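**Q** Sharing a structure below in structure tokens format, with a few things to ask.
The values are calculated or read from the model by the stated rules, or taken from the named source; none is laboratory data. Please read these numbers as outputs of a predicted model, since none were measured by experiment. Note that each Cβ is placed from the backbone with ideal geometry, even for glycine, and that neighbours are counted across all protein chains shown.
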Amino acid sequence: MSFSQGRPYRAIPGPSVVPDSVLRAMHRAAPNIYEGEIVGMTEGITRDLRRIARTDGNVAMYICNGHGAWEAALANLIRAGDQVLVCGVDHFALGWAEVARRLQAEVEFLDFGKQSPVDPNRIEERLRQDHAGQIKAVLVTHVDTATSIRNDVAAVRQAMDRAAHPALLAADCIASLACERMEMDDWGVDVLVAASQKGLMLPPGLGFVFFNDRAAAVRGQISDCDVSAYWDWVPRAKPEKFYEYFGGTAPTHHLFGLRVALDMLHAEGIENVWARHEHLARAIWAACDIWSEGGSVRLNVRDIENRSRAVTALQAGLPNGAGLRQWIEENTEVTLGIGLGMATPDNPLASGYFRIGHMGHVNAHMVLGVLASIQAGLEYLKIPHGAGGLDAAIRIVASRQLAGV
Ligand SMILES: *Cc1c(COP(=O)(O)O)cnc(C)c1O
């Protein structure tokens with residue numbers, strides 16, 4: 001018997017599902033890039049992107065993935081020898097720290113482990129020790145996509161303010177933008193990094209750096225010769241000619257897709273987008289909590305406040321947890337994310353980690369289908385799990401009680 005008919009579902013934390021209307025908008029002949037539709041459209045896109053990030057600041061767009069956006073942000077802020085404080089929960093903070101190091105920053109990594117969010121008090125304490133104000137930027141990941149920890153970015157800003165420290169606050173919102181509440185201006189974020197292939201529902205290929213006037217002033221203190229020509233955000237944010245938006249040929253088809261994706265987000269309303277993610281995440285956790293009663297399945301993040309609404313990392317232990325992902329893919333056509341950065345020498349069960357991506361173009365039937373597929377795998381592989389996980393998720397969906405976000 002074959003199960004291979006029907007539409008496969010990649011429930012991975014990026015690239016996320018691309019809506020058909022976005023795909024259709026991209027399916028067209030190459031446009032005129034000298035004048036006409038695309039020129040006006042791109043200006044509108046920058047305006048609407050800023051609405052999504054809740055900022056009146058600037059946005060620079062790049063043809064790159066999230067790693068490129070990391071580098072784009074730092075290339076505008078850092079000169080060799082500058083001090084940077086990276087507040088880390090694992091994989092993605094380590095990645096951004098490495099980019100800073102390669103730009104010859106002096107990087108200090110405050111490590112908060114793989115199970116809990118950054119602790120603003122520790123950040124405050126560290127900043128208070130920096131009497132000379134040497135630390136130029138504090139880097140924090142809003143959602144760490146590997147552990148599914150959500151950090152309280154607003155609380156990090158409050159900690160910086162309590163320490164009366166002048167550093168910029170830069171947030172990696174690649175996994176969270178258009179999934180989780182993010183108020184760039186209200187929360188005092190100076191630099192916000194994002195990419196196209198998660199909440200924005202596009203294929204990978206566009207990176208975004210939002211920055212406010214404080215960050216622009218820091219960039220302004222660096223001579224142009226010390227900023228890489230390609231990553232320089234100045235011409236991209238305030239282009240005089242259309243080609244300056246992208247430092248060369250524009251990513252034409254991504255822009256057509258992005259226009260439609262932004263229209264979808266605005267039609268739904270960003271508050272509703274966040275509420276939908278919240279609702280679906282709660283359905284997923286409800287199922288996981290019941291499954292956990294069997295003693296084998298475990299959510300990585302215990303406290304609901306610290307959990308991402310876009311991705312959920314969990315572990316299926318003995319017996320057979322390591323084979324769960326593969327069984328689900330082969331038998332239900334649902335692809336789950338691999339465990340990322342969880343394997344340590346003292347954790348032989350790390351192979352049982354996997355992640356559910358629930359970001360972007362997702363609705364209740366998609367999430368329920370994923371949960372049903374996971375439960376089928378737990379049954380088949382005889383992984384001990386509490387009975388009725390799927391029913392618990394269904395009750396959340398049926399309640400339609402949207403928690404405040
Ligand atoms: C996906 C992701 C990245 C990396 O993005 P790429 O497009 O794979 O380079 C960085 N940070 C976070 C939080 C992410 O979720």
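**Q** If I ask for residues that are within 16 Å of the ligand (Cβ to nearest atom) and acidic (Asp, Glu), which ones from the range 171-230 would you list?
**A** Matches in the range 171-230: ASP172, GLU180.
**Q** Follow-up. Pick out the one residue from ARG157, ARG181 that is within 21 Å of LEU262 (Cβ to Cβ) and surrounded by fewer than 24 Cβ atoms within 10 Å (Cβ to Cβ).
**A** Going through ARG157, ARG181 in turn, just one is within 21 Å of LEU262 (Cβ to Cβ) and surrounded by fewer than 24 Cβ atoms within 10 Å (Cβ to Cβ): ARG181.
**Q** Given (1) at pLDDT 95 or above; (2) of a type in the set (A, V, I, L, M); (3) within 17 Å of the chain's Cα centre (by Cα); (4) within 16 Å of the ligand (Cβ to nearest atom), identify the lone condition not met by LEU49.
**A** Failed condition: (4).
**Q** Somewhere in the range 305-313, is a residue more than 16 Å from the ligand (Cβ to nearest atom), assigned to a helix (DSSP H, G or I) and in contact with a helix residue (DSSP H, G or I) (Cβ under 7 Å, 6 or more places away or on another chain)?
**A** Looking through the range 305-313, none of the residues is more than 16 Å from the ligand (Cβ to nearest atom), assigned to a helix (DSSP H, G or I) and in contact with a helix residue (DSSP H, G or I) (Cβ under 7 Å, 6 or more places away or on another chain).
**Q** Which condition number does GLN315 fail, the rest of (1) more than 21 Å from CYS173 (Cβ to Cβ); (2) out of contact with any strand residue (DSSP E or B) (no Cβ under 9 Å at 6 or more places or on another chain) being met?
**A** Condition (2) is where GLN315 drops out.
**Q** Sticking with this structure for a sec: So which of ARG162, ARG150 is within 15 Å of the ligand (Cβ to nearest atom) and modelled with pLDDT of 95 or more?
**A** ARG150
**Q** Which residues, counting only those in the range 180-217, are assigned to a loop (DSSP other than H, G, I, E, B), touching a strand residue (DSSP E or B) at 6+ places or on another chain (Cβ under 8 Å) and charged (D, E, K, R)?
**A** Scanning the range 180-217 gives GLU180, ASP190.
**Q** Only one of these is part of a loop (DSSP other than H, G, I, E, B) and away from the ligand (no atom under 15 Å from the Cβ): ALA25, ALA80. Name it.
**A** Answer to the check: ALA80.
**Q** Checking PHE92 against (1) touching an Asp or Glu at 6+ places or on another chain (Cβ under 7 Å); (2) assigned to a loop (DSSP other than H, G, I, E, B); (3) under 26 Å from LEU200 (Cβ atoms), which single condition isn't satisfied?
**A** The failed condition is (2).
**Q** Inspect the range 262-284 for any residue being within 16 Å of the ligand (Cβ to nearest atom), within 19 Å of the chain's Cα centre (by Cα) and either crowded, with 21+ Cβ neighbours inside 10 Å or within 24 Å of VAL17 (Cα to Cα) (or both) and give the result as yes or no.
**A** yes
**Q** Follow-up. Please go through the range 96-126 and pick out each residue that is β-branched (Val, Ile, Thr) and in contact with a Cys (Cβ under 7 Å, 6 or more places away or on another chain).
**A** If the condition is that a residue be β-branched (Val, Ile, Thr) and in contact with a Cys (Cβ under 7 Å, 6 or more places away or on another chain), then VAL118, ILE123 are the ones that fit.
**Q** State which residue is nearest to the chain's Cα centre (by Cα) when the search covers only the range 369-387 and only residues that are touching a residue at least 60 places away in the same chain (Cβ under 8 Å) and over 22 Å from VAL301 (Cβ atoms).
**A** Selected residue: GLY369.
**Q** For the range 1-22, enumerate the residues that are assigned to a loop (DSSP other than H, G, I, E, B), over 30 Å from PRO239 (Cβ atoms) and away from the ligand (no atom under 16 Å from the Cβ).
**A** MET1, SER2, PHE3, SER4, GLN5, GLY6, ARG7, PRO8
**Q** Against the condition away from the ligand (no atom under 16 Å from the Cβ), crowded, with 23+ Cβ neighbours inside 10 Å, under 19 Å from the mean Cα position of the chain (by Cα) and modelled with pLDDT of 95 or more, how does ALA60 come out, does it pass?
**A** Answer is yes for this residue.
**Q** Taking the range 207-224 on its own, how many of its residues are crowded, with 24+ Cβ neighbours inside 10 Å and out of contact with any Phe, Trp or Tyr (no Cβ under 7 Å at 6 or more places or on another chain)?
**A** Going through the range 207-224 one residue at a time, the tally reaches 3.
**Q** Can you tell which of LEU192, LEU139, LEU177, LEU127 is farther than 22 Å from ARG54 by Cα and touching a Leu at 6+ places or on another chain (Cβ under 9 Å)?
**A** After ruling out the rest, the residue left standing is LEU127.
**Q** Which one of these is out of contact with any Ser or Thr (no Cβ under 8 Å at 6 or more places or on another chain), farther than 20 Å from ASP82 by Cα and without any contact (Cβ under 8 Å) to a residue 12 or more places away in the chain: PRO239, PRO235, PRO251?
**A** PRO239
**Q** Give just the number: which of (1) more than 12 Å from the ligand (Cβ to nearest atom); (2) in a strand (DSSP E or B); (3) within 20 Å of the chain's Cα centre (by Cα) does GLY113 not satisfy?
**A** Against the list (1) more than 12 Å from the ligand (Cβ to nearest atom); (2) in a strand (DSSP E or B); (3) within 20 Å of the chain's Cα centre (by Cα), GLY113 comes up short only on (2).
**Q** Looking at the range 68-120, which of its residues are of a type outside the set (A, V, I, L, M), in contact with a helix residue (DSSP H, G or I) (Cβ under 7 Å, 6 or more places away or on another chain) and in contact (Cβ under 8 Å) with a residue 60 or more places away in the chain?
**A** Those that are of a type outside the set (A, V, I, L, M), in contact with a helix residue (DSSP H, G or I) (Cβ under 7 Å, 6 or more places away or on another chain) and in contact (Cβ under 8 Å) with a residue 60 or more places away in the chain: TRP70, GLU71, ASN76, ARG79, CYS87, TRP96, SER116, PRO117.
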